[in-house]
């Protein structure tokens, strides 16, 4: 297609559709690279995917139907882009379609796909994009749009053909992308260029090839790095580690539909509620994208303006962690629960998958587990390493085994951190103490509260003797099952469940709640039978049976 | 000069108290599937809680519209010179925003309207409205009433023990309490409304311990100016708590109030709690 202008309306519409389809293909081919460049505003490696999905919703919506005037087609595209916009980059991309819809085919009887109208659509995209975000940042897609608009306007003034303007813009966009690290320091730190800006340049490349009728119409585009260097294919390693520390919250995207929407007002509102909001649309439909800790607040705020739909919520902390872990190539870090900003960290000792999960799930702030138990006591060095690795200078240490208490008590003198040892003598007591942990209280207050609870828990276990042994002065034959409770033998028998029931009968008098942790030797079916038997047998107090997965002990119990 | 007092249905103000003090209560909306109900007017709390556990579609709530505020304000303006409108935390609902917008829309009107964001909910809000109404009948001006409402909101406390955090999570009101989500143990989270949003306070190992803890919390906040024991479905438990904590109020009475459909939608069946105002210290 070498025509300097496209005179026929229907030809223009068909051409527009084929170029937009090419932009989608172009993004698809370059998607992984675009994802790999993504560090701003959130390093979650999804810019390419988001742009692709946004374009795909436009292409799917149009299908093969290029009927109608070019203006009508552009309008349909703008609406589809807005409704289907994914992520920050998708919403900014929707501005480009909005620009096209407002500038193409607006003049009756004139050639419709002209250089000047394309320049105008880029100008509208740039202006609207700067308005769509409350704090516009240079070195992003916004800069690329703006400079493209400038180049397009200058180019259209000299030679108004659409092809001439598109060629000029496609070439200059790559140069703008190359300069983005100078404008946005975070890009320089990560040794990348802006992902969304590069994505737009990739789209222009595809559109130009489609216009020229080149095959294939989409190709791999080389990333324009500063100083002519080559993009390494991933973000710099130091940057990966640092980015994991930041609390990103939830990426919340939804559409609002109503009769008379005030976009400025919604934007100001979202800016109050969360971070990096983008709000755009028309007076009847608005698309909102905002990062916040509580996505529900954004949704309720949206409901205040009209009906909401197309809701998507993604946990960016998980995305960022996944992104960082994928880039570091590691997967095995100790399990850490990081739900709240950790004022105080907890380090607990436990053996068994169930107990480890239980402790992590019950811990608040940052809780980490050191593997260990009866036969595998962690060393002072193990405990010290976990304490030093904990993400706070205030640490509560739960030894959770009477044989680990002394080792734990060495730790405070060996580290610069303020460490308090709550001398829990069993893991079941440790769990009870963990439930008393309160993020609002000081280290002193927590230590006191957890000690109090630990002192109130009666701890017992049911275990099979592997050989003839003498425990607490009682001789027990190999193969027999015995129950201990607070350093005493309560009963001996053959069947673990029977011994457990006897133990609870004898020692849970006056209790409010008995928690039973099933060991690794107990199958899920057996655990179910145990739960049923205990619930039938006892009614004076609550009984909760949970999977502990601990070695040696068929059952551990805590009596509170 | 007369001043009208308005609050919203999330105050959970019992009807007799609202009538006694001449307080107008504007309802929020409850949306269940395609139907919209007016909180406490076209859907009762009991009805809501019967439906809640098995409703496939999560009920949602929305603020009263700007129009409904204007309608109410204009109606009150016929008989009053000024209005004080006291509302639910703006961090939990757009209600306060709707009220402010209504006042802006009515800027030509000669009625002075003062809108207060209490950062509170349920009877912590309800008592604020009651105390303001009392002060107005004792001759307080609109400015004095507004200052009093702000002072009361700072002394107001809303505590709730929920059976499960499920309702708070699915309603998007989990706030800072998200750290409580996920324990594999059946614990009863106790939450407090702080700075206008749900905040994790502590966890009771079972319901019985939780009830004991609620009583202890009433004692810890004493001396009290006003106290209500709140429930969604378990009135008997609330009455039991009320008997034991009544001694902490000046008149020896603890009001028992049911949490309404909107607040209850986020707390769920089985919730027990306190809505109180601490006595002014010094």
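Structure summary
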| item | result |
| --- | --- |
| Residue ranges of strands (runs of 3 or more DSSP E) in region A:312-398 with at least 2 members at pLDDT 60 or above | A:345-350, A:366-371, A:394-398 |
| Any pair with Cβ under 8 angstrom, 6 or more apart, that starts in region A:199-219 at a residue that is assigned by TED's automatic domain parsing to the domain that holds residue A:162 and free of Cβ contacts under 8 Å to residues at least 24 places away in the same chain and ends at one that is in a helix (DSSP H, G or I) and surrounded by fewer than 20 Cβ atoms within 10 Å (Cβ to Cβ) | none |
| Within region B:63-101, tally of residues that are in contact with a strand residue (DSSP E or B) (Cβ under 6 Å, 6 or more places away or on another chain), within 14 Å of chain A (Cβ to nearest Cβ) and surrounded by fewer than 23 Cβ atoms within 10 Å (Cβ to Cβ) | 3 |
| Residue A:492, sole failed condition from (1) assigned to a strand (DSSP E or B); (2) more than 13 Å from every other protein chain (Cβ to nearest Cβ); (3) buried (at least 19 other Cβ atoms within 10 Å of the Cβ) | (3) |
| Qualifying positions in region A:275-301 - out of contact with any helix residue (DSSP H, G or I) (no Cβ under 9 Å at 6 or more places or on another chain) and either surrounded by 24 or more Cβ atoms within 10 Å (Cβ to Cβ) or within 14 Å of chain B (Cβ to nearest Cβ) (or both) | A:295, A:299, A:300 |
| Considering residues of region A:220-232 that are in contact (Cβ under 8 Å) with a residue 40 or more places away in the chain and surrounded by fewer than 16 Cβ atoms within 10 Å (Cβ to Cβ) only, the residue nearest to residue A:27 (Cα to Cα) | A:220 |
| Residue that is in contact with a helix residue (DSSP H, G or I) (Cβ under 6 Å, 6 or more places away or on another chain) and in contact (Cβ under 8 Å) with a residue 40 or more places away in the chain, where the choices are A:427, A:404, A:411, A:422 | A:427 |
| Qualifying positions in region A:399-410 - in a loop (DSSP other than H, G, I, E, B) and either outside the structural domain of residue A:448 (by TED's automatic domain parsing) or out of contact with any strand residue (DSSP E or B) (no Cβ under 9 Å at 6 or more places or on another chain) (or both) | A:402, A:403 |
| Residue list for region B:197-227, filter: assigned to a loop (DSSP other than H, G, I, E, B) and either away from chain A (no Cβ under 14 Å) or within 23 Å of residue B:12 (Cα to Cα) (or both) | B:222, B:223 |
| Extreme residue, farthest from residue B:279 (Cα to Cα), among residues of region B:158-167 that are crowded, with 22+ Cβ neighbours inside 10 Å and in contact with a strand residue (DSSP E or B) (Cβ under 8 Å, 6 or more places away or on another chain) | B:165 |
| Any chance residue B:114 is free of Cβ contacts under 8 Å to residues at least 60 places away in the same chain, more than 25 Å from residue B:258 (Cα to Cα) and assigned to a strand (DSSP E or B) | yes |
| Residue count, region B:102-145 (criterion: surrounded by fewer than 19 Cβ atoms within 10 Å (Cβ to Cβ) and within 14 Å of chain A (Cβ to nearest Cβ)) | 2 |
| Test set (1) in contact with a strand residue (DSSP E or B) (Cβ under 9 Å, 6 or more places away or on another chain); (2) more than 30 Å from residue B:211 (Cα to Cα); (3) at pLDDT 95 or above - residue B:148 fails condition number | (1) |
| Among the residues listed as B:187, B:162, the single one being within 30 Å of residue A:429 (Cα to Cα), away from chain A (no Cβ under 14 Å) and modelled with pLDDT under 95 | B:162 |
| Residue in region A:462-478 that is modelled with pLDDT of 90 or more, in a strand (DSSP E or B), more than 14 Å from chain B (Cβ to nearest Cβ) and surrounded by 19 or more Cβ atoms within 10 Å (Cβ to Cβ) present | yes |
| Out of B:44, B:24, sole residue that is more than 17 Å from residue B:171 (Cα to Cα), modelled with pLDDT of 95 or more and surrounded by fewer than 21 Cβ atoms within 10 Å (Cβ to Cβ) | B:24 |
| Residue that is modelled with the lowest pLDDT [pool: residues in region A:1-14 that are closer than 15 Å to residue A:117 by Cβ and either buried (at least 23 other Cβ atoms within 10 Å of the Cβ) or in contact with a helix residue (DSSP H, G or I) (Cβ under 7 Å, 6 or more places away or on another chain) (or both)] | A:4 |
| Inter-residue pairs, beta-carbon under 8 Å, first not assigned by TED's automatic domain parsing to the domain that holds residue B:10 and in region B:38-62, second crowded, with 19+ Cβ neighbours inside 10 Å and modelled with pLDDT of 90 or more, 6+ apart | none |
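The values are calculated or read from the model by the stated rules, or taken from the named source; none is laboratory data. Keep in mind that this is a model prediction, so the values were computed, not measured. Positions of Cβ are generated from backbone atoms using ideal geometry, with glycine treated the same way; all protein chains shown enter the neighbour counts.
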